[in-house]
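Okay, so here's the structure we're looking at.
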Amino acid sequence: MMNMCPDHLVHYMHEYLDGDISQEHELELKAHLSSCMTCQQHMQELSKVAAFVQSVSHITAPSGFVEGVTSRLPKETSRVGMKRWFHNHPMLTAAALFMILMSASLFSNFNDDQQFSFTKQPNIVVEGEKVIVPAGETVNGDITVKNGDIQIDGEVNGNVTIINGSQYMASTANVTGEIEEINEVFDWLWYKMKAGAKDVASFFDSEDEK
Amino acid sequence: MDALINKRIKEVLKGDQNAFAEIVELFQDKLYRVCYRMLGNKHEAEDIAQEAFVRAFINIHTFDTKRKFSTWLYRIGTNLCIDRIRKKKPDYFLDAEVAGAEGLNMYSQIAATGELPEEEVLKMEMQDRVQYEISRLPDKYRAVIVLKYMEDLPLQEISDILEMPLGTVKTRIHRGREALRKQLSNM
């Protein structure tokens, strides 16, 4: 059926259905509809379209949809995976970090120090990997020998520490301080820790002295 | 809601896929529904909606968090649907549901390739009839009608999704509505 009414009235109908109509357009449209059966029918049909399309029930995504998406995603970087694991296991992370740092610093330290070394004092004699404090001589200060032996025939006014070695004391020997032998890894650790504590203590002592 | 999504997006930007799965969870129904209404086929709708999420993931760095995420996602989804409709490649799913089974996709399958005889159309259930009539609409009207009437989105948002001026959106809704009116004149 040909609609002889002006085109803009159909446009107003759509504006009305969009909820987008101005007051004057609405008044004009209503006035026209009350007098024009053709346009009334047109308007009714358009309203029916809206109701018809909206009548569909809401549907939801099929089950397994999310898994379907994630399986299609590009592979995650391992960096992020690791980060998430650390995030989820804070205690294990802390423990692992502690172990790594411990083993890295202390054990490598222990292994790096495999060379023969000793505290240089003026009147000691060195034969191969053996430090000798000759008879009649007096060493004023501490002696530390690493990866070697010490033979004390004379006098030491201080502590003697032997790491990975043995000590031979003559009857004439006299050590005023402590004598300590360190041979095992855990003794080594203990020594390191004590040394650290002593350093800290002496640091505070010197602070006090100031 | 927006704050939560922006938080998840930041995590996704760092490459976290679990955060993205949460986003998919939140939007899967909306996006699947739009795809289904536009394509009229469950398998295609699932495929395209999933593809839209994958593209969103890949291009998430281009998303402006000051904007609405759903708008951006709908845009990716509707673009993919329109591409799929235009290609009209004969995608047949052998395991597609048949008449009598839940969903009844026979009509929508035929609708994708051609028209049905009138007596068949009149025998349809309401749900299928709506889907059938939507699928007969030219694709440029289909998107606006689906977004306007099925998703109940404001005109401005539809304009943002389809990246076309508000006036064009209105014109297309009007034309789409007129087209549906003619299609339904036998009801």
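Note on the stretch A:23-47: residues that are free of Cβ contacts under 8 Å to residues at least 24 places away in the same chain and surrounded by 15 or more Cβ atoms within 10 Å (Cβ to Cβ) amount to 5. Taken over the stretch B:9-26, the criterion of being surrounded by 21 or more Cβ atoms within 10 Å (Cβ to Cβ) and under 17 Å from the mean Cα position of the chain (by Cα) is satisfied by B:V24 alone.
Within the stretch A:7-24, if we keep just the residues that are among the acidic types (D, E) and more than 9 Å from chain B (Cβ to nearest Cβ), the residue that is farthest from the chain's Cα centre (by Cα) turns out to be A:D7. Could you list, in sequence order, the residues of the stretch B:1-30 that are within 8 Å of chain A (Cβ to nearest Cβ), assigned to a helix (DSSP H, G or I) and of a type outside the set (F, W, Y)? Result: B:Q17, B:N18, B:A21, B:V24, B:E25, B:Q28, B:D29. Going through the stretch B:154-187 one residue at a time, which ones are in contact (Cβ under 8 Å) with a residue 24 or more places away in the chain and surrounded by 20 or more Cβ atoms within 10 Å (Cβ to Cβ)? Within the stretch B:154-187, B:I161, B:L162, B:V169, B:R172, B:I173, B:G176, B:R177, B:L180 qualify. Note on the stretch A:25-74: among residues that are part of a loop (DSSP other than H, G, I, E, B) and among the hydrophobic types (A, V, I, L, M, F, W, C), the one that is farthest from B:M124 (Cα to Cα) is A:L73.
Quick grid of which residues meet (1) within 9 Å of chain A (Cβ to nearest Cβ); (2) out of contact with any helix residue (DSSP H, G or I) (no Cβ under 9 Å at 6 or more places or on another chain); (3) at pLDDT below 90; (4) closer than 15 Å to A:S55 by Cβ:
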site: B:K140; (1), (2), (3), (4): no, no, yes, no
site: B:E151; (1), (2), (3), (4): no, no, yes, yes
site: B:I158; (1), (2), (3), (4): no, no, no, no
site: B:K170; (1), (2), (3), (4): yes, no, no, no
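Might you let me know whether the stretch B:42-60 holds any residue that is more than 16 Å from the chain's Cα centre (by Cα) and buried (at least 21 other Cβ atoms within 10 Å of the Cβ)? Within the stretch B:42-60, none of the residues are more than 16 Å from the chain's Cα centre (by Cα) and buried (at least 21 other Cβ atoms within 10 Å of the Cβ).
The values are calculated or read from the model by the stated rules, or taken from the named source; none is laboratory data. A quick note: this is a predicted structure, and the numbers were derived from the prediction, not measured. Virtual Cβ from ideal backbone geometry, glycine too; neighbours counted across all protein chains shown.
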